[in-house]
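To start, the structure under review is shown below, and the notes come after it.
The values are calculated or read from the model by the stated rules, or taken from the named source; none is laboratory data. As the structure is a prediction and not an experimental result, all values here were calculated from the model. All Cβ positions, glycine included, derive from the backbone under ideal geometry; neighbour counts span all protein chains shown. These accessible areas exclude ligands, DNA and RNA; they are computed on the full protein's heavy atoms, side chains included. Shrake-Rupley method; radii C 1.70, N 1.55, O 1.52, S 1.80 Å.
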Amino acid sequence: IGAVHKMLKLIESSGLDSSVSEAIVANFLGLSALDSNKPIIGSSGAIPFLVRTLKNLNESKLESQSQVKQDAMRALYNLSICQSNVSVVLETDLVWFLVSTIGDMEVSERSLAILSNLVSTPEGRKAISSVRDAIPILVDALSWTDSPECQEKASYVLMIMAHKAYGDRRVMIEAGIVSSLLELTLVGTTLAQK
C-alpha cells in the first residue's frame, strides 16, 4: 500500500504531468492484475485518480493517449472485480462515464465489461439504472452484429437488471428489447443466445 500512496503523492506533487500520469496508470494496471492487490489499490484513492485520468483523456481526444485510456479502463475493470471496490467506484461518476461511452467502439467492450462487474451488486444495478437512457443504450448494443462481444456483455447486464427489478423490465420493454432479443436468439453468438 505504501507504493500506491507514493504514486498518488507523486501525482499531487507533479500536477497533471501527462508522462507521470501515464506511468502511474500503467503501474496501477500491472498491480491490479493480482487479486491480493485489488482491495489495497481500491482503498488507496487510485480509483478516483483513474476515473479522472480517463475522463481527461476522453475530453482531449488525442490519438496518442489511446494506450493510456485502454490501460486505465483495464485497471478499472480489474479493480471492479473486487466486491469491496464497488462502493468506491460508485462514489465516482464512472458509471455515467461508461454508459456515455457505449457507442465509441474503442472502449465500448471494456465499458460493458466493467458494467458487467458492477451490475452484480444492488448498488451497482441502482447506479446503472439511474443513468439517463442507460437501458435504451444497452438495448441498442444488442443489435451490434459487428461486435458480438458487446452484444454478449450488454445482454448479460440487461439480464441481471431484468431479473432484479420490475421497473427496469418495464423500461426495457419500452426501449424495444423484445425484438432485439428475438433477433439475438436467431443470429447472436451461442453465449448471447443463452
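Could you work out the relative contact order of region 44-106, using alpha carbon pairs under 8 angstrom and six or more residues apart, expressed as a whole percent?
For region 44-106, the relative contact order is 40 percent.
Taking +1 at the Cβ of each Lys and Arg and -1 at the Cβ of each Asp and Glu, which of 82, 48, 189 sits farthest along the dipole of the chain towards its positive end, judged by Cα position relative to the Cα centre?
82
Please compute, for the alpha-carbon atoms of the chain, the extent along each of the three principal axes and give them in descending order in Å.
53, 33, 29
When only Cα pairs under 8 Å and 6 or more residues apart are kept, what is the percent relative contact order across the chain?
With pairs under 8 Å counted, the relative contact order is 15 percent.
Would you please classify the overall shape of region 133-194 from the alpha carbon gyration tensor, given that a ≥ b ≥ c denote the square roots of the eigenvalues, rounded means a/c under 1.5, and beyond that prolate means a/b larger than b/c while oblate covers the rest?
It comes out prolate by the Cα gyration axes.
Per the 1.4 Å probe, what fraction of the accessible area of the chain, in percent, lies on carbon and sulfur atoms?
Exposed carbon and sulfur together represent 56 percent of the surface.
Can you compute 3J(HN,Hα) from phi for each residue in region 150-163, using the Karplus curve 6.51 cos²θ - 1.76 cosθ + 1.60 with θ = phi - 60°, rounded to whole Hz and x for Gly and Pro?
5, 4, 4, 5, 5, 5, 5, 4, 5, 4, 5, 5, 5, 5
What order, most packed first, do the peptides 99-108, 132-141, 45-54, 150-159 have when packing is the mean number of other Cβ atoms within 10 Å of each residue?
150-159, 45-54, 132-141, 99-108
What is the magnitude of the charge dipole of region 42-179 about its Cα centre, with +1 placed on the Cβ of each Lys and Arg, -1 on the Cβ of each Asp and Glu, and no other charges, expressed in debye to the nearest 20?
400 debye
Along Cα→Cβ, 7 Å out, is where each label goes; now give me the distance between the ones at residue 178 and residue 147 in nm to one decimal.
For the pair residue 178/residue 147, the computed spacing is 2.7 nm.
Could you report the chain's accessible area per residue, 1.4 Å probe, as an integer in Å²?
50 Å²
Can I get the semi-axes of region 116-168's equivalent ellipsoid? Compute them from the C-alpha gyration tensor as square roots of 5 times the eigenvalues, in angstrom, largest first.
19, 11, 9
Note down the net charge around residue 162, summing +1 for each Lys or Arg and -1 for each Asp or Glu among other residues with Cβ under 11 Å from its Cβ.
Once all neighbours under 11 Å are counted, the net charge is +3.
How many angstrom lie between the C-alpha centres of region 89-127 and region 144-183?
Spelled out, the Cα-based centre of one part sits 15 Å from the other.
Percent of Cα-Cα pairs more than 15 Å apart in region 73-122, please.
36 percent
Before rounding to the nearest 500, sum -39500 (n - 2.57) across all DSSP H runs of length at least 4 in the chain and divide by the residue total; then give [θ] at 222 nm in deg cm²/dmol.
Calculated from helices alone, the mean residue ellipticity at 222 nm is -23000 deg cm²/dmol.
Give the calculated FRET efficiency between residue 23 and residue 87 to the nearest 0.05, with a Förster radius of 30 Å applied to their Cβ-Cβ distance.
0.60
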